[in-house]
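Chemist: One structure coming up, written as structure tokens, with questions to follow.
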Amino acid sequence: MEYIDILLSANFWAAAIRIATPLIFGVLGALVCERAGVLNLGIEGIFVVGAMCGWMAVWLGAGLWGGVLIAALAGAFFGLLHGILTVPLGLSQHVSGLGITMFATSVSYFTYRTALPKVSSPPRIEAFQPLDIPVLSDLPFIGPALFQQTSMTFLALAMVLLVSYVLYRTPLGLAIRAVGDNPSAVEAQGLSVFALRIGAIMAGSALMALGGAFLTMSAFDAFFFGMINGRGWICIALVVFASWRPGKALLGALLFGAFDAFQIRLQNEVGAVIPSQVFLMIPYLLSIVALVLVARKADYPRALLQPYFRGQR
């Protein structure tokens, strides 16, 4: 019964949503890139650069929303770099993505150490605070679980609606999906495959960077080495789980957030008996099981990972 009580607790679901927020940004960003036919394994490094740039911008006086904007621009820049390497040059998307991850991570750490060479602990900023929305925050269960989150959580939820609308309700979204399935047909319509793919990569990378910015500007109030902790790779797996659909991407992120929040509470209950590493494995193991069950039926973009050159048929 104790475990059932945990699952029915508003505090548990508030924590699950909070843990899921950076994953929502990341999985949406990866989804947009892959819908255009490009795998972006630079996501882990883009998370890091978004976390560092957002936090440092606020520390330097840009304000919280200024930090969000700068983090997104930093992510878009590394997305542009990845796009140039993989779209017009046609280089391996795997190699380029991993190179972007190492480059972005190294640049972030170098910038931090250069700006703060003698600091033993990172300076704190005034982070986003949980909102208290009149009436909605007082609703039973859903009020404390959903309507007492920070502004960036609501931004992530809004991005799910925006990405879904753009992909499935606008000509631009149709072009993005088409360029990920049949780029030669897009070129035959007089559209630029290169421009669509690079634009999608930049937009997706900006969303990924917001996932990192959430960690330093909302979940915490400082930048730490290693704080991304593999979240980018989880997002890559969640895209497959979601079958490249924004609604299912939200569900996958919330599911992983719930797994993670549950293992934390399990540690408090039986942590003295079972090693803590077992609990840390639980959300990843459950995610793998969910991925295996869903992946076989996934309808992936047909031109994913395939470089395209003008005039190619």
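The values are calculated or read from the model by the stated rules, or taken from the named source; none is laboratory data. All of these numbers come straight from a predicted model, not from anything done at the bench. Quick reminder, even Gly has a Cβ in these numbers, built from the backbone with ideal geometry, and neighbours come from all protein chains shown. Calculation scope for accessible area: heavy atoms of the full protein, side chains included, ligands and nucleic acids excluded. Shrake-Rupley method; radii C 1.70, N 1.55, O 1.52, S 1.80 Å.
Chemist: Divide by every residue of the chain the summed helix terms, -39500 (n - 2.57) for each DSSP H run of at least 4, and state the resulting mean residue ellipticity at 222 nm, rounded to the nearest 500 deg cm²/dmol.
Modeler: -23000 deg cm²/dmol
Chemist: Using packing as a proxy for protection, rank 23-29, 140-146 so that the peptide with the highest average count of other Cβ atoms within 10 Å comes first.
Modeler: 23-29, 140-146
Chemist: Please give the per residue volume of the convex hull enclosing the alpha carbon atoms of the range 1-119, rounded to a whole number of Å³.
Modeler: 154
Chemist: Next question. Using Cα springs under 10 Å in a Gaussian network model of the chain, which residue among 110, 194, 12 shows the largest mean-square fluctuation?
Modeler: 110
Chemist: Please arrange 58, 135 by accessible surface area, largest first, computed with a 1.4 Å probe and ligands excluded.
Modeler: Result, largest first: 135, 58.
Chemist: What is the percent of Cα-Cα separations in the range 164-264 that go past 15 Å?
Modeler: Of all Cα-Cα pairs in the range 164-264, 72 percent lie more than 15 Å apart.
Chemist: Which helices, counted as full DSSP H runs in the chain, have an axial Cα extent of no less than 27 Å and a Kyte-Doolittle average of 0.5 or above?
Modeler: Passing helices, by number: 10-35, 64-86, 193-214, 246-270, 276-295.
Chemist: Let me ask something else. Across 10 Å bins from 0, what is the distribution of all Cα-Cα pair distances for the range 147-192, in whole percents?
Modeler: The calculated distribution, bin by bin, is 26, 34, 23, 13, 5.
Chemist: For q values of 0.15, 0.21, 0.27 Å⁻¹, compute log₁₀ I(q)/I(0) with the Debye formula on a Cα-only model of the range 171-221, without solvent.
Modeler: -0.50, -0.69, -0.94
Chemist: With no solvent and one point on each alpha carbon, what is the Debye value of log10 I(q)/I(0) for the chain at q = 0.07, 0.13, 0.15, 0.16 Å⁻¹?
Modeler: Values returned for q = 0.07, 0.13, 0.15, 0.16 Å⁻¹ are -0.28, -0.94, -1.20, -1.32.
Chemist: Between residue 293 and residue 136, with labels modelled 7 Å along Cα→Cβ, what's the label distance in nm to one decimal, could you check?
Modeler: Using points 7 Å along Cα→Cβ, the separation is 3.1 nm.
Chemist: Shifting gears a bit: Using a 1.4 Å probe on the protein heavy atoms, what percent of the accessible area of the chain belongs to carbon and sulfur?
Modeler: 69
Chemist: Over all Cα pairs of the range 116-168, how is the pair count split among 5 Å bins, expressed in % and running from 0 up to the last occupied bin?
Modeler: 4, 16, 15, 14, 14, 12, 10, 7, 5, 2, 0
Chemist: Given a 1.4 Å probe and the protein chains all in place, what does the accessible area of residue 202 round to, in Å² to the nearest 10?
Modeler: 60
Chemist: First obtain the Kirkwood hydrodynamic radius of the range 34-180 from its Cα pairs, then insert it into the Stokes-Einstein equation at 20 °C and 1.002 mPa s, and state the resulting D in µm² per second as a whole number.
Modeler: 120
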